[in-house]
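Worksheet: one structure, shown below.
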Amino acid sequence: MDTVLNVLVVGILLGGIYGLVSIGLNLIFGVIRIVNFAQGELVMLGMYGAYLAYTMLGLDPYVSVLVVVPALFVIGLVMQRLVIQPLQNEPSMQIFATFALLILLQNVVLALTRGQGYSVPTQVAGMGLELGEIRIPATRLVIFLAVTTIAVLLHLFLMHTLAGKSIRAVTQDRQAARLMGINVERTFTVTFGIGAALAGLAGVLLAPIYTLSPGIGGNFILAAFAVVVLGGLGSVAGAYFGGLIVGLVEAFAGFYIDPELKQAIWFLIFLAVLVVRPTGLFGQVGAEEVGFREQG
């Protein structure tokens, strides 16, 4: 029984990591209707930002959030304004542009670091929560608490603020939103900035757990895509619970079946959801097509 509980906890904490990376990706798709292949590289930039804040300013990674997250928000604004927005009426070209950003960011960081691995220490690294025979590392517990808090706050922001309602209006019908006086392009830019900031936050919180490398974003982006489709395109709750489902599937499959097959198993689930319910578990019917129909 303790083994099952231990695997369950591992899966939930792993799902928190996937959910944290996926929320920003899902938000960007839900509003702008593009698949941001560079989201993993934005997470990577957040991790290196935490490293620079530690080495240059002496900031603990959890304190560096105050510096790194605003910086990633600005980077997201610039990327959307200079790269994505000029291709607004070319959704296929936008996807290729995000892939080009992926390659660009990876190679720039690779050139600057020469591929050397880095680690970011934190004071809470050796701490943890003891529940009988189960020990929960503080670094992973912080991630789970963070993704839960972000999911709740982002939901409240979208539902109860003027800016959030503008984002929802653009998501549902951008032409009608434009007729109601909403600046659609500005909404796109702010949304991409928020998505980049969430990726930066994920990077900062992941930095104490992983060894930094220019290609580390690829470790998260495939799982993030599976989470987005499984949970529901454009759904914050879907990204949260989808992350938990993928984490649990990976943990139990890795322990009871074969660690080498754990990703293959949740990709089988990913494909099954695509076939049976393309909108995902929490997505609305037609959500995956809204933006593309309106651009025609």
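Nothing in this text is a laboratory measurement; each read-out follows from the coordinates by a stated rule. Everything numeric in this text was worked out from a predicted model, so none of it was measured. All Cβ positions, glycine included, derive from the backbone under ideal geometry; neighbour counts span all protein chains shown.
Tabulated values for the structure
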| read-out | value |
| --- | --- |
| Sparse-neighbour loop sites [GluC sites (Glu not before Pro); region 93-197; at most 12 other C-beta within 10 Å; DSSP] | Glu133 |
| Nearest-ten-degree value, helix 262-276 long axis tilted from longest Cα axis of the chain | 30 |
| Computed P(r) (all Cα pairs; region 146-296; 10 Å bins; percent) | 10, 32, 36, 17, 4, 0 |
| Tilt relative to the chain, helix 162-172 - C-alpha long axis, 0 to 90 degrees, to 10 | 70 |
| Largest-first principal axis extents of the Cα set of region 86-136 (Å) | 56, 30, 16 |
| Calculated [θ] (222 nm, deg cm²/dmol) that DSSP helices of n ≥ 4 give over the chain, each run adding -39,500 (n - 2.57) | -24000 deg cm²/dmol |
| Among Val120, Val21, Val228: highest mean-square fluctuation, GNM of the chain, C-alpha pairs under 10 Å | Val120 |
| Separation of the Leu153 and Glu90 label points, Cα + 7 Å toward Cβ, nm | 3.7 |
| C-alpha center-to-center spacing [region 8-38, region 77-144] in angstrom | 11 |
| Between helix 91-113 and the chain: long-axis angle, C-alpha atoms, 0 to 90°, nearest 10 | 40 |
| From the coordinates shown, percent of Cα pairs over 32 Å apart corresponds to which of (1) 37; (2) 30; (3) 24 | (3) |
| Gaussian network model of the chain, springs between alpha carbon atoms under 10 Å - residue of Val69, Val276, Val43 with greatest fluctuation | Val276 |
| For the chain, built as a Gaussian network whose Cα springs stay under 10 Å, the top-fluctuating residue of Leu153, Leu222, Leu45 | Leu153 |
| Principal axis box of region 1-115, alpha-carbon based, largest edge first, Å | 55, 36, 27 |
| Over region 20-179: Rg over Rh, Cα atoms, Kirkwood Rh | 1.02 |
| Per-peptide average of other Cβ atoms within 10 Å, ordering 79-90, 105-116 highest first | 79-90, 105-116 |
